[in-house]
Structures are given as structure tokens and as C-alpha cells.
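Enquirer: Sending over a structure as C-alpha cells; questions will come in a sec.
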Amino acid sequence: MTESLFAEASQRLDAALHHISISEDAIERLKFPKSSLQVSIPVRMDNGSLQVFQGYRVRYDDTRGPTKGGIRYHPSVTLDEVKSLAFWMTFKCAALDLPFGGAKGGITIDPKQLSKLELERLSRSYINEIADFIGPDVDIPAPDVQTNSMIMGWMADRYNTIHRKIVPAAITGKPLTMVGSLGRDTATGMGTFFAIETLMPKFQTVRENTTVAVQGFGNVGVVIADLLWQAGYRVVAVSDSQGGIYAKGGLDIPSVKQFKHSTRNLKAAYCEGTVCNILEYETITNEELLTLDVDILVPAAMENQITEKNANAVRAKYIFEAANGPITAAADAILEANGIHVFPDILINAGGVTVSYFEWVQNRSGLYWTVEEVNDRLKQKMVKETERIWEIAQQKSISMRTAAYVHALDRIGEAIDAKGTRDFYTS
Ligand code: GLU
């Protein structure tokens, strides 16, 4: 990659600035993260040796509330990546009107190489290093790529031990038995599903004739494929990090799920079975999945999947970004020129942080909701903000991505200005 991911991410903001009047003070404020922390995380390995890993937590902007965002474990984690993800979280929380700013954390590691005990020691040790940087009114972590509720449980436990009290709202995405929220584990995928169901009727499509490919069969992709399949869409391809499967007539998603589940070989906390081992379907690579001739493409894995190199080969008509940053800015321009509708990450995958917000609210009130209540509230939020962003896009004749940034920026700009603008002092 020639350009940094953060420079890429900022381009989306620049595009939105042409369509909104926002104070220069607010623009200046949003150019830089509020604070960035880099930590060295010592971990005692099972063989007795000590290894030190690099970790990060970036708080991008807290004008609208305490900062919020997940923690990822991945070999490609860098400060630049975490900063970009924190930037996206700022706009995601504002787009959904959550009372939060944006943050993100990460550790540079391949967690599948660790034993479960090493993983636990790593997670607790990371909290030792960032405990003073986070908190229920300051910055609230949650799961992200290759982290899950079990890991959040260890982290919450460590946070409570350090502070010598139970602080339920300090971390979200916790196990239910540690005051997590019902519906949090399926929230990101369900949010994507609600957005798809709100937007597709605008194109007069019929579910049964609509083909779908989902890249990423992890926490998010499984839920999306399953809900779309249940609603009658024809899910023809899914993939995981090892590769994918394809069937022109549609996959039987419940049996694919079942397969992935039954081959689960618990090495540390991860599911090792790959969908490519399902013999009855044609196998394809992740790259092939992205360029399949389908109606809907859902990238639900990592960033930078559709770039200048493959954007012209993409044949899907609609792309729903369930992952963060799967399309580069250059690829975005190519897709737009080719008439492909792209629905942006800061809206499409916002279901996860929305239910994290519900978890935080429940933790603070001590009153817990049913799964129906959680999903109903999630649906209301997703439908309302999706409709509003659609309207902005239509009114201003701009892409859904730029419209989502305009929508979020409007809210962030107002909050920044409410604290005082240069007009207060110069006129
Ligand atoms: N990691 C998720 C995201 O990128 C969820 C963050 C949260 O729940 O705070 O939106």
C-alpha cells in the first residue's frame, strides 16, 4: 500500500466537506486523533518464556460522548490502522446518533498461534497497560476482528480487579453471565440485514431472484448469510480466510453453518473448520468470490479487499460493507463510475456498536431487556438512519458513502461548535 490507511480514510471526509457547511474549527479538530496510546504487552508463554507484543488504543474524538470501539487481534495491526478504525468509529457513532465518540484498539498478533491460556494472559495484560486510558465515561472497548465475548469477559474481569469494584459498563460485548446484552453477538449481522431490507425495495428487487455472495464466514458473515437465506434471498457463495464455496442454485446455509460448527476444533478461542471442506459445493478463492456475477456482494472480512486492481472486475450491482473499510477510495471511484451501488461501512456494520450502546445503557440502569426488545430497538435505529442517509443521497445527488459522512458530520460539527467557535471570539 503506497498511501497510509488513515490518509485514505480522511479522503472520505474531504468528499463530504464539499456538501456541508461546517465550521473551520470543527474541520481542524477532526484532522487529528484526540489521543493515541502504544503499549508493550508482556506475556508469559506456556513454555516459560516471556514474549512482548505491541498494542494500541486510539481515541479519535469525544465531542459527542465517551469514545467507543472494538479491540482487534491481527498480525496486520499497526498504529495507522487503529487510528483509521477509530476515525471510522467516530463517524459511525454519529451516523447512528449514539452518544459516543470513536475509538479503537488492537494488538499485533496472530491469536490462532496462542494457546487458550496464553490468549487469556495476553488479554488481561493488555488491560493492565490501558486500564487508565479507558472507563465507562471515558472510553469503552468491545469485540472486533478475532476477539469475542470470552475475551471481553477476561478483560472486564481484569478491569474490575484493577479498580477494586465491579464496573459493568466499562467494556461491552461481554458474556451474558457477566452482564452482557442479549442480541449483542448477532447485532452487527442483524444490523446489516435490516439495512439491506430497507434499501433493496428501493430498487424493486424480489428476494427470491436476488443472488448474494458473502466474503467472511465469521461472527458477522454467518449471521448475514443466515438471515438473508431465511428471508428467501439466494445466497450462492460464502468464504472464510481459507477460501470459499459456490453453488449457482444457492447454498443451504443451515448445513454450511452446521458444518463449520461441527468441525470446530477449539484451538484457543477460534473455529478452525473451513467452509472449503464442504465437498458438495464448488470451491472458489476469496478473490473469485469478490468478482462473482451476483446481485449483492457483502464483504464481511477485512479492509482493502476491493482495490484499484480488482474494482473493474466486480460484477455485483450492490455492495454492502459489513467489514470496516473493505473498499479503497480509488476503488470506490471505479465502482461508482461503473454504476455499482456501494452502501458504506459506517452505516451497514453499525448494528454492533448500536447494541453495545444498549448494553452500556442496561449496565448503567441495571435493568435488562429481552432479546426481542434489543432487536426491535436495533431495527428502529437502523431503519431510521438508513432512510435519512438515503434521502440525503437523493437530495444532494451524492453517493451513499458521502451522504453517510454528511449526516454524521452534521451532528459532530454541531457538537464541536456548541463548545465554542471562532465566531464567539472574533465577532
Ligand atoms: N468492533 C465493532 C465495530 O467496528 C463494534 C464496536 C463496539 O461495539 O464498540 O463497529
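The values are calculated or read from the model by the stated rules, or taken from the named source; none is laboratory data. Not measured: the values here are computed from a predicted model. A quick note on method: Cβ atoms are made from the backbone with ideal geometry, for glycine too, and the neighbour counts reach across all protein chains shown. These area figures cover heavy atoms from the full protein model, side chains too; ligands, DNA and RNA do not enter into them. Shrake-Rupley method; radii C 1.70, N 1.55, O 1.52, S 1.80 Å.
Enquirer: Please note which helices (runs of 4 or more DSSP H) are completely contained in region 313-421 and include at least 3 residues that are charged (D, E, K, R) and open to solvent by 20 Å² or more (accessible area, probe 1.4 Å). Break it down stepwise before answering.
Expert: Working: elements: 329-337, 345-348, 351-365, 371-396, 400-418.
By residue number, 371-396, 400-418.
Enquirer: May I pose another question? Going by what's in this entry, would Val361 be described as closer than 29 Å to Pro175 by Cα and under 22 Å from the mean Cα position of the chain (by Cα)?
Expert: Numbers: closer than 29 Å to Pro175 by Cα: yes; under 22 Å from the mean Cα position of the chain (by Cα): yes.
When the stated conditions are applied, Val361 passes them.
Enquirer: Could you figure out which of (1) of a type in the set (Asp, Glu); (2) closer than 20 Å to Leu85 by Cα; (3) more than 19 Å from the chain's Cα centre (by Cα) isn't true of Asp132?
Expert: Exception for Asp132: condition (2).
Residue by residue, here is whether (1) farther than 29 Å from Asn304 by Cα; (2) hydroxyl-bearing (Ser, Thr, Tyr) holds:
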residue: Lys92; (1), (2): no, no
residue: Asp110; (1), (2): no, no
residue: Thr147; (1), (2): no, yes
residue: Ile162; (1), (2): yes, no
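Enquirer: Can you work out which of the residues in region 149-176 that are under 19 Å from the mean Cα position of the chain (by Cα) and open to solvent by 40 Å² or more (accessible area, probe 1.4 Å) is nearest to the ligand (Cβ to nearest atom)?
Expert: Per the criteria, the residue is Ser149.
Enquirer: Let me ask another. Here are some residues: Asp185, Asp139, Asp132, Asp110. Which one is out of contact with any helix residue (DSSP H, G or I) (no Cβ under 7 Å at 6 or more places or on another chain) and within 14 Å of the ligand (Cβ to nearest atom)?
Expert: On the way: Asp185 fails: out of contact with any helix residue (DSSP H, G or I) (no Cβ under 7 Å at 6 or more places or on another chain); Asp132 fails: within 14 Å of the ligand (Cβ to nearest atom); Asp110 fails: within 14 Å of the ligand (Cβ to nearest atom).
Asp139 is the lone residue from the list that is out of contact with any helix residue (DSSP H, G or I) (no Cβ under 7 Å at 6 or more places or on another chain) and within 14 Å of the ligand (Cβ to nearest atom).
Enquirer: Mind listing whichever residues of region 56-93 are part of a helix (DSSP H, G or I) and within 12 Å of the ligand (Cβ to nearest atom)? Talk me through it step by step, then tell me what you get.
Expert: From region 56-93, those part of a helix (DSSP H, G or I) are 79-93; that's our starting set.
Once the filter is applied, which keeps residues that are part of a helix (DSSP H, G or I) and within 12 Å of the ligand (Cβ to nearest atom), region 56-93 yields Val82, Ser84, Leu85, Ala86, Phe87, Trp88, Met89, Thr90, Phe91, Lys92, Cys93.
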